[in-house]
Amino acid sequence: MSEVLNKATVLVLNRNWQAINVRTPAQAFCQMATDVATALHIESDDEMYPVMWSDWLKLPVREGDNAVKTTHGPVRIPTVIVLAKFSRVPMRRPSLSAKGVWERDGGTCQYTGRKLSASEGNLDHVVPRSRGGVTSWGNVVLAHKEVNSMKADRTPEEAGLKLVRQPVMPKELPMTVFIRNSHQIRDWERFLLFQS
């Protein structure tokens, strides 16, 4: 049962019903029990409403619902909760990682302008590390593996290459952009900007 309670399967909405985070059922139950959040009871695309903790405990577990067993009987695990007072949408910058650079550069080689498949690209230090280059947003780009190999430990100018655009730190984006429905929870779809 602890595995079910500790898997991030509950989407968190602010009070304006905008997706801002993901929680475990255990965290969601704590927020519901302290009136920080209500669970969203979803019947269909057209019928959904928030339910307070005391009323949630009384709802029957429907076929297909995840539930936890308690001494008072099974309790349905919500798929979406709505915060009572929080209305902001937190902002976040992508992390400086292969995935973050891939997203910033749109999956495009920054020397050739060609769209790359995941197996074709890797990260290039514009000023090579062997020449004092650092791993920073301003010095790392997505490059085709063959181009990066040919460039080796030279600068783009020395290798006869030109950057499509200068690398910069990406802007902050709403947290909603970073939430992925990795468990394919149908109830989340209407609240997320991007699906994965």
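With respect to the conditions (1) outside the structural domain of GLU47 (by TED's automatic domain parsing); (2) surrounded by fewer than 19 Cβ atoms within 10 Å (Cβ to Cβ); (3) not hydroxyl-bearing (Ser, Thr, Tyr), GLN110 falls short on a single one, namely (2).
Given the structure, is SER95 among the hydroxyl-bearing types (Ser, Thr, Tyr), outside any strand (DSSP E or B), modelled with pLDDT of 95 or more and out of contact with any Cys (no Cβ under 6 Å at 6 or more places or on another chain)? Answer is no for this residue.
Among the residues of the stretch 146-178, those that are surrounded by 13 or more Cβ atoms within 10 Å (Cβ to Cβ), in contact with a strand residue (DSSP E or B) (Cβ under 7 Å, 6 or more places away or on another chain) and either more than 12 Å from THR112 (Cβ to Cβ) or basic (Lys, Arg) (or both) comprise LYS151, PRO167, LEU173, PRO174, MET175, THR176, PHE178. Among the residues of the stretch 125-145, the one identified as of a type in the set (A, V, I, L, M) and either exposed (fewer than 11 other Cβ atoms within 10 Å of the Cβ) or not assigned by TED's automatic domain parsing to the domain that holds THR108 (or both) is VAL134. For the stretch 58-90, a residue qualifies if it is of a type outside the set (Lys, Arg), touching a strand residue (DSSP E or B) at 6+ places or on another chain (Cβ under 6 Å) and not in a loop (DSSP other than H, G, I, E, B), and the qualifying residues are ALA67, VAL68, PRO74, VAL75, VAL80, ILE81, VAL82, LEU83. In the set (1) touching a residue at least 60 places away in the same chain (Cβ under 8 Å); (2) of a type in the set (A, V, I, L, M, F, W, C); (3) crowded, with 17+ Cβ neighbours inside 10 Å; (4) over 30 Å from ASN66 (Cβ atoms), the condition left unmet by MET91 is number (3). Residues that are outside any loop (DSSP other than H, G, I, E, B) and either more than 20 Å from VAL134 (Cβ to Cβ) or of a type in the set (Phe, Trp, Tyr) (or both) within the stretch 147-181 comprise VAL147, SER149, MET150, LEU173, PRO174, MET175, THR176, VAL177, PHE178, listed in sequence order.
Sort out which residues of the stretch 14-52 are touching a helix residue (DSSP H, G or I) at 6+ places or on another chain (Cβ under 6 Å), in contact (Cβ under 8 Å) with a residue 24 or more places away in the chain and of a type outside the set (Val, Ile, Thr), and write them in order of number.
To start, the set of residues in the stretch 14-52 that are touching a helix residue (DSSP H, G or I) at 6+ places or on another chain (Cβ under 6 Å) comprises 19-20, 25-26, 32-33, 37, 39, 42.
Narrowing further to those that are in contact (Cβ under 8 Å) with a residue 24 or more places away in the chain: 19-20, 25, 32, 37, 39, 42.
Result: ALA19, PRO25, MET32, ALA37, ALA39.
The values are calculated or read from the model by the stated rules, or taken from the named source; none is laboratory data. For clarity, every value in this text was computed on a predicted model and none was experimentally measured. Because the Cβ atoms are built from the backbone with ideal geometry, glycine has one as well, and the counts that use them run over all protein chains shown.
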